[in-house]
Amino acid sequence: MKPRGILFLAILLAALEVPAPSDASVWVPAKKKGQAAFTFTYYETKELFDSRGTTYKMASNGVFVKHEVNAYLEYGLGSNFSVCLNLFAVTQQFKSDTVAQTYSGAGDQEMCLKYLILASPVNFGVQAGVKVPAYDLAFADPAPGNGQFDYELRLMLGNPILSSGFWDLEAAYRYRDGYPADEVRIDATVGAGFFARFKVLLQFNGISGMRNGQVYSRGNNPTIDPEYDLYKGGVSFVYDVSQKSSLQIGGIRHFSGTNTGARGSFFLSLWRRF
């Protein structure tokens, strides 16, 4: 692969969304109550999924490493209505035998409004969100995202299981402005409590491109198709430090995909309810 082709792979990987375990579920905080989470995620890969879903190693001993800090805040505006902020900062590096690049700074930032429509017999809610790029692609290599606005509508279902468990199922359509293809997203989480303060969470996240993207060229990089698919599964463990604070640690595996990064990530998250 030519050096400029390797450069584009770095940009593609940087735009890849590492799972955000801080994303909340269908439940809404009470009025004037809320929750905050601070998450550190580590992602490293030397492998990619090709257009057929087969994994292969990057050319020229390439490796992509990403350190991400995420702050999530949700605040109840009413008994069934909340506002959310999901803020990201990254330090990421792409290295190969021919290229070495590092970017440190802001990533894509997300804002949303959530409304709980039903609380019985099952919790059912809707969420509308927007993703805003907080960087200039001209000065970001490898870039932390595609540099465009996204708009998402999400349907959410969930209910408790026994005394300390829960399930959450979500489906979303994400309109991506500009050249990238739109996306359909499916997220599922099941949690179960063990002992007094421990919980185990199993997660699935699926992203399917809608095949409506445009051919895109960035500078002298090769012409590419911005479509990608990614399917991830993960497990995490939650320890309730107190009634208002929790610590979460876990890992995510990219088990299938096309035109994106393989392998997986690890994360550590601190939750605080107020």
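The values are calculated or read from the model by the stated rules, or taken from the named source; none is laboratory data. Since the structure is predicted, the reported quantities are computational estimates derived from the model, not experimental observations. A quick note on method: Cβ atoms are made from the backbone with ideal geometry, for glycine too, and the neighbour counts reach across all protein chains shown.
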Unique match (being out of contact with any strand residue (DSSP E or B) (no Cβ under 8 Å at 6 or more places or on another chain) and not hydrophobic (A, V, I, L, M, F, W, C)) among 129, 62, 78 | 78
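Among the residues in the stretch 176-184, are any out of contact with any Pro (no Cβ under 7 Å at 6 or more places or on another chain), within 28 Å of residue 74 (Cβ to Cβ) and not charged (D, E, K, R)?
Going through the stretch 176-184, the residues out of contact with any Pro (no Cβ under 7 Å at 6 or more places or on another chain) turn out to be 176-178, 182-184.
From the residues that got through so far, the ones that are within 28 Å of residue 74 (Cβ to Cβ) too are 176-177, 182-184.
The next check asks that each one be not charged (D, E, K, R); those that pass are 184.
Among the residues of the stretch 176-184, at least one is out of contact with any Pro (no Cβ under 7 Å at 6 or more places or on another chain), within 28 Å of residue 74 (Cβ to Cβ) and not charged (D, E, K, R), which makes the answer yes.
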Taking the stretch 64-96 and keeping residues among the charged types (D, E, K, R) and either surrounded by fewer than 15 Cβ atoms within 10 Å (Cβ to Cβ) or under 20 Å from the mean Cα position of the chain (by Cα) (or both) leaves 66, 68, 74
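Could we say that residue 99 is closer than 24 Å to residue 251 by Cβ, among the β-branched types (Val, Ile, Thr) and surrounded by 15 or more Cβ atoms within 10 Å (Cβ to Cβ) here?
no
If a residue must be over 20 Å from residue 234 (Cβ atoms) and either touching a Lys or Arg at 6+ places or on another chain (Cβ under 8 Å) or surrounded by fewer than 17 Cβ atoms within 10 Å (Cβ to Cβ) (or both), how many such residues does the stretch 180-201 contain?
Step one: filter the stretch 180-201 for residues over 20 Å from residue 234 (Cβ atoms), giving 180-182, 195-197.
So of that shortlist, the ones also either touching a Lys or Arg at 6+ places or on another chain (Cβ under 8 Å) or surrounded by fewer than 17 Cβ atoms within 10 Å (Cβ to Cβ) (or both) come out as 181-182, 195-197.
Of the residues in that region, 5 qualify.
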Does residue 112 count as surrounded by 17 or more Cβ atoms within 10 Å (Cβ to Cβ), of a type in the set (A, V, I, L, M, F, W, C) and farther than 27 Å from residue 211 by Cβ?
-> no
Sole exception among (1) in a loop (DSSP other than H, G, I, E, B); (2) under 18 Å from residue 168 (Cβ atoms); (3) touching a residue at least 40 places away in the same chain (Cβ under 8 Å) for residue 86, by number = (1)
Given the conditions (1) at pLDDT 60 or above; (2) under 22 Å from residue 183 (Cα atoms); (3) not polar (S, T, N, Q), and given that residue 21 satisfies all but one, which numbered condition is not satisfied?
-> (1)
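Given the condition in contact with a Phe, Trp or Tyr (Cβ under 7 Å, 6 or more places away or on another chain) and either farther than 25 Å from residue 236 by Cβ or not polar (S, T, N, Q) (or both), answer yes or no: does some residue in the stretch 119-127 qualify? Give the steps one after another, and end with the answer.
Of the residues in the stretch 119-127, the ones in contact with a Phe, Trp or Tyr (Cβ under 7 Å, 6 or more places away or on another chain) are 123, 125-126.
Applying the additional criterion that residues be either farther than 25 Å from residue 236 by Cβ or not polar (S, T, N, Q) (or both) yields 125-126.
Yes, the conditions are met somewhere in the stretch 119-127.
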